[in-house]
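Taken together, the values in this text are just the output of simple stated rules run on the coordinates, not laboratory data. Values in this document were obtained by computation on a predicted structure and should not be read as measured data. So basically every Cβ, Gly included, is an ideal-geometry build from the backbone, and we count neighbours across all protein chains shown.
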Ligand code: HSE
């Protein structure tokens, strides 16, 4: 099969942290995603021809799709040029893994036009090279965006991933209020050190969360979404969150927390309880009361992950 001169790839939105999984657990969901088209060019180097959102830089040193494509180029050792067009489906600075989705779609499309020689693991590493420049080298969005489903990252160097099964009956009500929180700002709010009792609670919570996601054990899920090391310090960045979470619980959600660096909120529901629409309405109403419009989706797990279109 000959190598195509251009390819378009899609990478999905990802929820990360999910309470106690700070920087190590993420989940791809059906809340849209980003598309990147990569075209081979004769002149070496990576160039960004267009981005659908004017707030995103065309400068290839600051554009995650281009940084990831450049990393793919380096990893394949080829000396050609790549030209990119980026179509943002995800909001910026929302906690839905938008920069990771662009990076992963850029890496997957670049790999396709370079002969598809890189493994999924190498695609993760290439996208992480890009994330490191713009928001820090954390893998909890990139890994599930590549793999699909839920992924727990055990270590970065070497990269060790474990996929986590998510019970069929779970749905994720994803609410994004119309204000932005920069990932770097959310990370700057974190203390350097974690108290021992918080580390212990977080480890226990993450173990319980993974088991409960696999088993569809809603009672354990409800108790396992507490985050002791990030959310308590970031809470002031998320006006309306506490009211939204309370409203979601009142409407029948199993639990609710902030996704990634926020401000997106994810509320977990079981299809058995038929609570999806009620929770979606409750989240929207809570944000309206707090003075923010919110975009709300009742999502499923995106099991496929990034792919060439
Ligand atoms: N785990 C990261 C954080 C995700 O919470 O800072 C940022 O997208």
- Message: Pairs of alpha-carbon atoms within less than 8 angstrom and 6+ residues apart define the contacts here; what relative contact order does the range 6-164 have, in percent?
- Response: 30 percent
- Task: Report, to the nearest 10°, how far helix 64-76 tilts away from the longest principal axis of the Cα atoms in the chain, using its own Cα long axis and a range of 0 to 90°.
- Result: 50 degrees
- Of 55-63, 19-27, ordering from highest average Cβ density within 10 Å down gives 19-27, 55-63
- Most mobile of 43, 101, 235 per a Gaussian network model of the chain (Cα springs, under 10 Å)? 43
- Sort out for me the Cα centre separation of the range 71-118 from the range 256-309, rounded to whole Å. 27 Å
- Message: On C-alpha positions alone, give me the angle between the axis of helix 196-215 and the longest principal axis of the chain, in degrees, nearest 10.
- Response: 80 degrees
- What spacing in nm lies between the two simple spin-label points modelled at residue 194 and residue 308, each 7 Å away from Cα in the Cβ direction? 3.9 nm
- Task: With runs of 4+ DSSP H residues as the only contributors, calculate the mean residue ellipticity of the chain at 222 nm using -39,500 (n - 2.57) per run, divided by the residue total and rounded to the nearest 500.
- Result: -11000 deg cm²/dmol
- Message: Taking 0.36 nm per residue of sequence separation and subtracting the Cα-Cα distance, how much length would be gained by fully extending the chain between residue 184 and residue 79, in nm to one decimal?
- Response: 34.5 nm
- Would you work out the relative contact order for the chain, in percent, from Cα pairs under 8 angstrom that are 6 or more residues apart? 25 percent
- Task: Please work out the ratio of the alpha-carbon Rg of the chain to 2.2 N^0.38 Å and round it to two decimals.
- Result: 0.98
- Task: Estimate the FRET efficiency between residue 55 and residue 6 by the formula 1/(1 + (r/R0)^6), using the beta-carbon distance for r and 35 Å for R0, to the nearest 0.05.
- Result: 0.90
- Can you give the relative contact order of the range 170-299 as a percent, counting alpha carbon pairs under 8 Å and 6+ residues apart? 40 percent
- Net lengthening on full extension, residue 156/residue 273 (0.36 nm per residue, minus Cα-Cα): 38.3 nm
- Query: In degrees, nearest 10, range 0 to 90: what is the angle between the Cα axis of helix 120-134 and the longest Cα principal axis of the chain?
  - Reply: 80 degrees
- Message: Can you tell me which of 250, 87, 226 moves the most in a GNM of the chain? Springs connect C-alpha atoms under 10 Å apart.
- Response: 250
- Ratio for the range 170-299, C-alpha Rg to 2.2 N^0.38 Å, reads 1.05
